[in-house]
Amino acid sequence: MSLKGLSLVIPVYNEEPVIPELDKRLKSFFETCPLDYEVVFVNDGSADRSLELLKNISAQNSHYKVLALSRNVGHQNAITAGMDHAQGDAVVVIDADLQDPPEVILEMIRKWQEGFDIVYAIRSEREGESIFKKITASLFYRLMQKLVGIKMPLDAGDFRLMSRRAIVVLSSLRESNRFIRGLVAWTGFRSTAVYYKREKRFAGSTKYPLRKMIKFAFDGVTNFSTIPLRVATWLGLFSGLVALTAAGWAVYEKFFGEGVVQGWTTIMLAVALGASAQLLMIGIWGNTLAGFLRK
Ligand code: UDP
Ligand code: MG
C-alpha cells in the first residue's frame, strides 16, 4: 500500500555519533510536519555501530524503516536503494549528518503542493567546510553547467524533494555509475528551488574523501557530456595529421636521406597511423553510441 505522505530517504555510512541527534531532530521536525510520513534509513555497509543504533530507534518508532545494504555501495547507490523502497507521494533525500536542516523540508512541501515535481534545495551558504571543498565544489558545478546539455541547478546537492511520478521515472533509469542530480534534471519535470544555509556536520568527519569526490565528478562528466569523446575525435584527427606528416618525412628519409636503420620507416608508419586511427574511431564510436543512448 502506498503512503499518502512524505518519505525521507537518509543514507547512513559510519554515522554512529550523529544518529541519536538525528533521531531527536527528526522527531521535532515531524511534530510540525503536516503530512503522514515514513523514514527510510539506508545503512550503506557501515563498519561502526550505525546499523545497531538505527535498529534501536526504529524499534521505538513505527514510521522508521531500515534498509541494510550488504556492503558499502556508495552514497549515490544507497540513495537509489532508498528511493526504490520509499512509498510516499513525495520523497525527500537528506543526509544523515544534519548538514541539511530538516526544517527546510516544510518549505519544499509547500512548493510541491503548489504543483512542482522537483524541489531543489540550493546552498546559499556553506558552513564548516574546508576552503578546498568550497572552491572545488563551486568550480565543479560551474564546469558541469558548461559541459552538459541539460540544465542542472548550480550548488544543489542531493537534498531535494521529488514527486511520486518523478520517482517512478527515476527508478526506471538503471545506470550503474549514477550521478543522480544529473538524472533528476534529465527527467525534465517542473522544478523549483528553495534556499538554505548548509550547516556544519553535526559530528564525525566527511565520508567523501578526495578519491570519492573525483570518482563522483568523473561520473558526472562522463554520464552527461560527450565533450571527452569529442576531445578524442579531435585528438585523433590532429595526431592523424601529425602522423601523415611524419610518414611523409620517414619515407623521404628512407629514399633520399642519409639512410635509416632497417625497419624504422615501417615502425614509424604503423605506430603513427595506428594510434591516430584508434583515437579517431574511439571518438566516433563513442559519439554515435552516446547519440543512441540519448534517444
Ligand atoms: N554516505 C553513504 N555512503 C558513502 C558515503 C557517504 O551513505 O559511501 C552518506 C553519509 O553517511 C551522509 C551522506 O552520504 O549521510 C553524505 O556524506 P558526507 O556528509 O560524508 O558528505 P559531504 O557532506 O562531506 O559531502
Ligand atoms: Mg555531509
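The table below gives the values:
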{"quantity": "V251 paired with T288, simple spin-label distance in nm, labels 7 Å along Cα-to-beta-carbon", "calculated": "2.8"}
{"quantity": "Relative contact order computed over the chain (Cα-Cα under 8 Å; 6+ residues apart), in percent", "calculated": "18"}
{"quantity": "Ordering of 271-282, 107-118, 92-103, 130-141 by packing [mean C-beta count within 10 Å, highest first]", "calculated": "92-103, 107-118, 271-282, 130-141"}
{"quantity": "For the chain, size of Cβ-based charge dipole, Lys and Arg +1, Asp and Glu -1, in debye", "calculated": "540"}
{"quantity": "FRET efficiency, R211 to S62 (Cβ-Cβ, R0 41 Å, nearest 0.05)", "calculated": "0.60"}
{"quantity": "Exceeding the 30 Å Cα-Cα cut-off - candidates K111/K197; K111/K215; K24/K146; K4/K212", "calculated": "K111/K215; K24/K146; K4/K212"}
{"quantity": "Residues in the range 151-174 reached by a label modelled at K4 [backbone nitrogen below 19 Å; 7 Å Cα→Cβ]", "calculated": "163-165"}
{"quantity": "Label zone at I150, where the point sits 7 Å out along the Cα-to-Cβ direction: the range 105-127 residues whose backbone N lies under 17 Å", "calculated": "117-121"}
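Read-outs: derived from the displayed coordinates by stated rules, not from any lab. Please read these numbers as outputs of a predicted model, since none were measured by experiment. Virtual Cβ from ideal backbone geometry, glycine too; neighbours counted across all protein chains shown.
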